[in-house]
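Report on one structure; see the data block that follows.
Values quoted throughout were computed directly from the atomic coordinates according to the rules given, and no laboratory measurement underlies them. In this text, all values refer to a predicted model and were calculated from it rather than measured experimentally. Cβ placement follows ideal geometry from the backbone for every residue including glycine, while neighbour counts extend to all protein chains displayed.
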Amino acid sequence: MIIRRSHLGLALAALAAAALYNVWYFALRPAAPAGSRPASEQPLVGPAGPAESAGAPRDPLAIPAPPVVDLVSAPSWRRDPFLFGDESRAVARPSVRAPAPIRPNVRTILYSADRRLAIVDGRIVGVGDAVGDYTVADIEKGAVVFTAPSGDRLRVPVHPTTAGEAAR
């Protein structure tokens, strides 16, 4: 990065001006009278009048309660601030159907007398394991039987992993 002499001089002048302003504002500026402070600088809690100026504590029960806010219903306004002119949001929305569960993809089955495992969607699963929305109900020699959330049974045969295996 190249810094030109004019840029460096401008930056140093701005820094010096900021430093001088801060010294004047915080150290040399005449203090304003306490009664003439703007409302944004007035304390939120403190004596409310001459009766409490003697240092008497304020009664917490004398402070009014905040207004009741209805948190159950949605707020309603006269108009939508995000619309221009005579625009409206009366849009016909299509009904949304629940998506059908994705059918599991069975790649390999290991079937023996004492072990039955399968590779389904890239995971090794056994009987009783969950695969997406389905549960493995049984593992057969050529297919895996799943139980859907509705209770239906789905039998998925082994799918070949490559084109060469499909020809066998």
Task: Proxy reagent accessibility, fewest Cβ within 10 Å first, across Glu140, Glu87 - done: Glu87, Glu140
Open item on the list: Can you compute the modelled spin-label distance between Ser112 and Thr135, with each label point 7 Å from Cα toward Cβ, in nm?
Closed with: 2.8
Task: Point-to-point label distance, Ile2-Asp80, nm (Cα→Cβ direction, 7 Å offset) - done: 5.4
Task: Fewest-first sequence of Ile109, Ile2, Ile63 by Cβ atoms within 10 Å of each Cβ - done: Ile2, Ile63, Ile109
- [ ] Evaluate the charge dipole of region 106-167 about its Cα centre and quote only its size in Debye, nearest 20, assuming +1 on the Cβ of each Lys and Arg and -1 on the Cβ of each Asp and Glu.
- [x] 120
- [ ] Using θ = phi - 60° and the Karplus relation 6.51 cos²θ - 1.76 cosθ + 1.60, list the HN-Hα couplings for region 103-119 in order, rounded to whole Hz, with x at every Gly or Pro.
- [x] 5, x, 10, 8, 9, 9, 10, 10, 10, 9, 5, 10, 9, 9, 10, 8, 9
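Contour minus end-to-end for Asn22 and Arg153, with contour as 0.36 nm per residue of separation and end-to-end as the Cα-Cα distance? Intermediate results must be reported in sequence, preceding the final value.
Working: separation 131, 0.36 × 131 = 47.16 nm, distance 7.78 nm.
Going from the current span to full extension adds 39.4 nm.
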TODO: Would you grab the residues whose amide H sits under 5 Å from the one on Asp129? Only those 5+ places off in sequence or on another chain, please, with H modelled 1.01 Å from N.
DONE: Val136
